[in-house]
1. Could you give every pair whose Cβ atoms fall below 8 Å, whose first residue belongs to segment 82-96 and is open to solvent by 40 Å² or more (accessible area, probe 1.4 Å) and part of a strand (DSSP E or B), and whose second residue is modelled with pLDDT under 90 and aliphatic (A, V, I, L, M), counting only separations of at least 6 or pairs across chains?
2. Here are some residues: Asn90, Asn97. Which one is closer than 18 Å to Asn23 by Cα, of a type outside the set (A, V, I, L, M), modelled with pLDDT of 80 or more and under 16 Å from the mean Cα position of the chain (by Cα)?
3. Would you tally the residues in segment 24-55 being open to solvent by 70 Å² or more (accessible area, probe 1.4 Å) and either under 12 Å from the mean Cα position of the chain (by Cα) or at pLDDT below 70 (or both)?
4. Among the listed residues Cys113, Cys103, identify the single one that is modelled with pLDDT under 90, part of a loop (DSSP other than H, G, I, E, B), farther than 18 Å from Arg30 by Cα and open to solvent by less than 40 Å² (accessible area, probe 1.4 Å).
5. When the residues of segment 61-80 are narrowed to those that are open to solvent by 50 Å² or more (accessible area, probe 1.4 Å) and part of a loop (DSSP other than H, G, I, E, B), which ends up nearest to Ile41 (Cα to Cα)?
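The values are calculated or read from the model by the stated rules, or taken from the named source; none is laboratory data. For clarity, every value in this text was computed on a predicted model and none was experimentally measured. Backbone-built Cβ (ideal geometry, glycine too); neighbour counts: all protein chains shown. With ligands, DNA and RNA removed, areas are computed over all heavy atoms of the protein, side chains included. Shrake-Rupley method; radii C 1.70, N 1.55, O 1.52, S 1.80 Å.
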Amino acid sequence: MQLVVFVVVLALGKGCFSCNLKNVSIPMVRCDEKVWINTTICEGLCCSQDPVYRSHLQAPVQKTCNGDWSYKVKHIKGCPGSITYPVATNCYCTTCNPEDTYCGRFPGHIPSC
């Protein structure tokens, strides 16, 4: 029975790893007034290799939760200017880009499923 459940979870494509949109509220102070920006971000874990043997010739494949982004503008009544903030529109696991992300091994503990 456990094998059947495991196969079904893998068939659904999620397993322990998922990369999804998450709604968040970010507080900002503008013109001495606290404003909450409601947006979406990408959140989750992606399957990565963590080999026992570390080779200097070939780096392990690391995946990160990334996505497609757009920007929205919020105007605050009685305040000059505006606030431009990012909004995630789609999230997916992609190969880690060392130019903008730390792609090394995670030194902490990640709990299992």
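1. Partner pairs satisfying both residue conditions: Ser82/Ile76; Thr95/Val61.
2. Matching residue, one of Asn90, Asn97: Asn90.
3. 7
4. Numbers: Cys113 fails: open to solvent by less than 40 Å² (accessible area, probe 1.4 Å).
Result: Cys103 is the single residue among Cys113, Cys103 that is modelled with pLDDT under 90, part of a loop (DSSP other than H, G, I, E, B), farther than 18 Å from Arg30 by Cα and open to solvent by less than 40 Å² (accessible area, probe 1.4 Å).
5. Out of the qualifying residues, it is Val61.
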